[in-house]
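Here is the structure we will look at, set down as structure tokens.
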Amino acid sequence: MSHAVHMGMKTWLKAAVIGTCWIMSVGVDNGAMAQKVTWAKRILGELTWPEVQAAATSPREVCFYVRHRIRPVEDLGNGWPTGKEAWDRGHGACRSFAACIADLCKAKGMDAEIHLIYPKGEWEGHAVVMGHWKGKVWFSSNGWYQEATSMTEAERAVVKNMGWQRRAVVTARRVEKEKRQASRSAPVIMTGRR
């Protein structure tokens with residue numbers, strides 16, 4: 001299917017969903033209409049940063065919104081964006097996904113921490129978010145939500161997905177934003193195996 005046909009179908013779908021929501025809301029108060037339009041925006045992935053902060057109720061939902069908003073691209077830069085910067089840009093590497101998910105989860109009071117996993121002796125690695133939610137360990141790699149029985153199991157899953165099974169890896173946990181503001185061009189990390 002050509003890009004033009006795909007974009008035409010996407011535009012038609014948006015109009016159909018929003019039109020349906022408008023028709024369903026005729027005769028009801030403005031609060032109900034706002035909920036219907038919010039539902040349409042949720043499905044179509046066009047939430048603003050404040051809207052997704054208000055709408056997400058679990059790490060799984062946060063990952064869903066981020067995965068549908070951020071387009072993965074190869075990014076060789078050194079800087080770490082804030083979650084909002086990555087959201088507004090709409091594309092980025094693993095660190096953009098991780099920044100968005102961690103910032104959104106923390107804004108909602110959810111446990112979320114960025115971890116850098118990389119093969120020993122190499123400079124390039126992979127940023128993921130890990131946390132605890134309702135008694136379970138969860139993690140996200142590029143916006144995909146997964147659950148594990150422990151942080152170690154989550155790390156093993158990331159290592160397997162990256163194709164690093166036969167290599168020793170190092171995991172580093174990023175220091176909070178306030179501590180890393182001094183160095184916006186490179187991440188400040190606490191090293192050590194978890």
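Tell me whether region 74-118 comes out rounded, prolate or oblate; compute the Cα gyration tensor, take square roots of the eigenvalues as a ≥ b ≥ c, and use a/c under 1.5 as the rounded threshold. Please report the intermediate quantities before stating the final value.
Details: a/c = 2.70, a/b = 1.36, b/c = 1.98.
Here region 74-118 falls in the oblate category.
So what's the net charge close to residue 122: Lys and Arg +1, Asp and Glu -1, counting the other residues with Cβ under 15 Å from its Cβ?
Details: positive: 120, 166, 167; negative: 124.
Combined, the nearby Lys, Arg, Asp and Glu give +2.
Can you give the convex hull volume of the alpha carbon atoms of region 107-148 per residue, in Å³? Kindly include the intermediate steps, with their values, before the conclusion.
Details: hull volume 3.6 nm³, N = 42.
Looking at region 107-148, the number lands at 85 Å³ per residue.
Using the beta-carbon distance between residue 48 and residue 150 and R0 = 25 Å, what value does 1/(1 + (r/R0)^6) give for FRET efficiency, to the nearest 0.05?
Details: r = 36 Å, r/R0 = 1.43.
Once rounded, the FRET efficiency stands at 0.10.
If each residue of separation counts as 0.36 nm, what is the full-extension length gain between residue 88 and residue 68 once their alpha-carbon separation is subtracted?
Details: separation 20, 0.36 × 20 = 7.20 nm, distance 1.30 nm.
Computed gain between residue 88 and residue 68 is 5.9 nm.
Could you work out the mean projected area of the convex hull around the alpha carbons of region 76-164, in square nanometres to one decimal?
Details: hull surface 23.7 nm².
Average of the hull's projected areas for region 76-164 equals 5.9 nm².
Using a Förster radius of 22 Å, what is the FRET efficiency between residue 123 and residue 173 based on their Cβ-Cβ separation? Nearest 0.05, please.
Working: r = 18 Å, r/R0 = 0.80.
Step by step, r from the Cβ atoms, then E = 0.80.
Quick one: which of 108/136; 108/160; 106/134; 84/136 span more than 22 angstrom between C-alpha atoms? List each step's numbers first, then the result.
Working: 108/136 17 Å; 108/160 30 Å; 106/134 15 Å; 84/136 27 Å.
As for pairs spanning more than 22 Å Cα to Cα, those are 108/160; 84/136.
A short reminder: the numbers here are calculations on the coordinates, not readings from a lab. As the structure is a prediction and not an experimental result, all values here were calculated from the model. Backbone-built Cβ (ideal geometry, glycine too); neighbour counts: all protein chains shown.
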